[in-house]
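Visitor: One structure is given below, represented as structure tokens, and several questions about it will come after.
The values are calculated or read from the model by the stated rules, or taken from the named source; none is laboratory data. Note that the structure is a prediction, hence the values are computed from the model and not measured.
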Amino acid sequence: MADSPTFTYLKSKNPDAKFRVVEDYVPSLAGEIGIGIAKDNTDLVDKLNEAITAAKEDGTFKEIYEKWGVDWDFNE
């Protein structure tokens with residue numbers, strides 16, 4: 001089991017793979033994607049947050065997802 005973006009990409013690269021992406025699946029344990037950073041490294045946290053926000057706003061994430069065949073709503 002993995003998240004939809006990962007399996008959507010894998011399936012786009014190998015259509016004969018023996019799995020399917022289940023769109024109506026509702027996870028019982030919801031989670032988020034994260035990056036581990038030392039908690040005292042606030043400069044890096046700020047820079048990453050700025051970069052993520054910019055990538056959402058300017059369409060960079062959407063372009064990346066489309067390029068790699070990933071179907072995922074990154075604004076959720």
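Visitor: Would you pick out the residues in the range 50-76 that are at pLDDT 75 or above, assigned to a loop (DSSP other than H, G, I, E, B) and of a type in the set (Phe, Trp, Tyr)?
Guide: Result: 68, single match.
Visitor: Sort out which residues of the range 1-24 are aromatic (Phe, Trp, Tyr) and part of a helix (DSSP H, G or I), and write them in order of number.
Guide: Correct list: 7, 9.
Visitor: Another one. Go through the residues of the range 35-44 one by one and say whether even a single one is of a type in the set (Ser, Thr, Tyr), within 17 Å of the chain's Cα centre (by Cα) and modelled with pLDDT of 85 or more.
Guide: The answer is no; no qualifying residue exists.
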